[in-house]
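The values are calculated or read from the model by the stated rules, or taken from the named source; none is laboratory data. Bear in mind the structure is a predicted one, so any value in this text is a computation, not a measurement. A quick note on method: Cβ atoms are made from the backbone with ideal geometry, for glycine too, and the neighbour counts reach across all protein chains shown. Surface accessibility is based on the protein's heavy atoms, side chains included, excluding ligands, DNA and RNA. Shrake-Rupley method; radii C 1.70, N 1.55, O 1.52, S 1.80 Å.
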Amino acid sequence: MTARIIDGKAFAQTVREGVARDVAALAATHSVKPGLAVIIVGYDPASQVYVRNKVKQTAEVGMNGFHFELPEDTAEADLISKVKELNGDPAVNGILVQLPLPKHINEAAVVGAIAPAKDVDGLHVVNTGLLASSGGGMVPCTPLGCILMLKDTLGDLTGKKALVIGRSILVGKPVAQLLLSENCTVTIAHSRTKNLAGEVAAADIVVAAVGIPEMVKGDWVKPGATVIDVGINRVPAPERGEGKTRLVGDVEFAAASKRAGAITPVPGGVGPMTIACLLKNTVTATCKQHNIDL
Ligand code: NAD
C-alpha cells in the first residue's frame, strides 16, 4: 500500500479561503472587521518568522492585524498591562501572545490575563476547561488543524481507535479531547508508556506530537491507518552540504507511507494548518463577541 499524502499546504489554503469569505460576509452584513493582535517578546528567530507569517496571512484574509514587538527585558507586569489594554479594545477580537516567553516571565500568568473570549490560541484555563467538559470554548489551533485534516480525510471518525502520542497542554491533551468528542476510542501515550509499538499497531488513527525525530517506526503502523505527524524536528543533512539541516517529523515518513492509508508530510502537513486555524478562531471569536451567527 502507498499512503495518500495529506497536503496540509493546500488544505490550509482552502481553510483561509473560507475565512476570507467569512470576513467579507461580516463586513457586508454587519460592518464588522475581525482584528487579531499578536504580541511577541524578545528576538527568538523561529518565533519572528512565525509571527511575520501570521501578520501577512491576517492581511491576506482581510482582517485587521495589530502587531506588537516588545523587547526581551519587558517586565511581566508591563506585558500583562498590554494584554489588558487589548482585552478592552473593541477593534481587537483575538489576542495571541507568542510562546515561549523569556524565562523571567510567567507564561501562565500572561495567558491567564487574556480575556477568554479573545483567547484565540485556546490556552486560557477557561477554554481548556470548556474543552475538557461541555465544549464551546476556543480550541487550540494546532489540535484544531489535526481534527480538520482527519475529518477531511476520513469523514466520520466515530468508533475509530485513535492513539495520541504526547500529552502536552498545547497539542497532545487537546487533540485527545477533540478525538473523544468525535466519538473515537482514544489512547494517550507518553514518555512512560510501555510498548509504544504495540499501541501504534492497534490504532486506526495515530497523532504523533512528541518532538523526537522519526521515533515512530514505519513498520509499527497498522496497514491502512491515518497518520498525523505534528512533530517538527531539525536534523543534520550532510547530503545537502556541510552544516545543512532539514526538517523531519516524529514519524519515519518513507517507511510509514508504505503501510498507512494516509499520512501528513513534514514539512507541509500539520504546520501550515496552525495559522489557518488561528485565523478561523479569530472569526469564531468575532462572531461570538457580536452575537452573529454566520
Ligand atoms: P512537549 O515537549 O510539550 O511534549 C512532548 C510530549 O511527548 C510529552 O507529553 C511527552 O510525554 C511525550 N514524549 C516524550 N518522549 C516520549 C516517548 N519516548 N514516547 C512517547 N511519548 C513521549 O511538545 P509539544 O509542544 O506537544 O510539541 C510536540 C512536537 O510538535 C514538537 O516537535 C513541536 O515542535 C511540534 N509542534 C508543531 C506545531 C505545528 O505544526 N504547528 C505546533 C506545536 C508543536
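General remarks:
- A37 being in contact with a strand residue (DSSP E or B) (Cβ under 7 Å, 6 or more places away or on another chain) and part of a loop (DSSP other than H, G, I, E, B): no
- Taken together, D152, D121, D156 contain a single residue that is within 23 Å of D7 (Cβ to Cβ), assigned to a loop (DSSP other than H, G, I, E, B) and among the acidic types (D, E), which is D156.
- Flag for A256 being free of Cβ contacts under 8 Å to residues at least 12 places away in the same chain, touching a strand residue (DSSP E or B) at 6+ places or on another chain (Cβ under 9 Å), more than 12 Å from the ligand (Cβ to nearest atom) and open to solvent by less than 10 Å² (accessible area, probe 1.4 Å): no
- Only a single item in (1) out of contact with any Lys or Arg (no Cβ under 7 Å at 6 or more places or on another chain); (2) within 16 Å of the ligand (Cβ to nearest atom); (3) open to solvent by 30 Å² or more (accessible area, probe 1.4 Å) is not met by K173, and it is number (1).
- Residue match in region 72-90 (condition: in contact (Cβ under 8 Å) with a residue 60 or more places away in the chain and open to solvent by less than 50 Å² (accessible area, probe 1.4 Å)): no
- Candidates in region 124-149 are the residues that are among the polar types (S, T, N, Q) and either assigned to a loop (DSSP other than H, G, I, E, B) or away from the ligand (no atom under 15 Å from the Cβ) (or both); of these, the one that is surrounded by the most Cβ atoms within 10 Å (Cβ to Cβ) is N127.
- Count of residues meeting criterion [of a type in the set (G, A, S), open to solvent by less than 50 Å² (accessible area, probe 1.4 Å) and within 8 Å of the ligand (Cβ to nearest atom)] in region 187-207: 1
- Verdict on T274 being among the polar types (S, T, N, Q) and without any contact (Cβ under 8 Å) to a residue 60 or more places away in the chain: no
- The requirement of being within 16 Å of the ligand (Cβ to nearest atom) and part of a helix (DSSP H, G or I) is fulfilled nowhere in region 235-247; no residue meets it.
- A162, sole failed condition from (1) open to solvent by less than 40 Å² (accessible area, probe 1.4 Å); (2) more than 20 Å from V97 (Cα to Cα); (3) within 16 Å of the ligand (Cβ to nearest atom); (4) assigned to a helix (DSSP H, G or I): (4)
- Reported count of residues in region 190-221, each being in contact with a helix residue (DSSP H, G or I) (Cβ under 9 Å, 6 or more places away or on another chain) and either over 19 Å from A260 (Cα atoms) or part of a loop (DSSP other than H, G, I, E, B) (or both), is 9.
- Pairs with Cβ under 7 Å, 6+ apart, first in region 114-135 and on the phi < 0 side of the Ramachandran plot, second of a type in the set (K, R): A117/K288
- Any hit, region 176-186, residues being free of Cβ contacts under 8 Å to residues at least 12 places away in the same chain and open to solvent by 60 Å² or more (accessible area, probe 1.4 Å): yes
- Leading residue by the ranking (farthest from the ligand (Cβ to nearest atom)) among those in region 262-279 that are farther than 12 Å from T58 by Cβ and not in a loop (DSSP other than H, G, I, E, B): A262
- Residue count for region 222-234 under the criterion of being touching a helix residue (DSSP H, G or I) at 6+ places or on another chain (Cβ under 9 Å), in a loop (DSSP other than H, G, I, E, B) and away from the ligand (no atom under 12 Å from the Cβ): the result is 2.
- Any hit, region 230-253, residues being touching a Gly at 6+ places or on another chain (Cβ under 8 Å), surrounded by 15 or more Cβ atoms within 10 Å (Cβ to Cβ) and closer than 19 Å to E182 by Cβ: yes
- Meets criteria (touching a strand residue (DSSP E or B) at 6+ places or on another chain (Cβ under 8 Å), open to solvent by 20 Å² or more (accessible area, probe 1.4 Å) and modelled with pLDDT of 95 or more) for D121: yes
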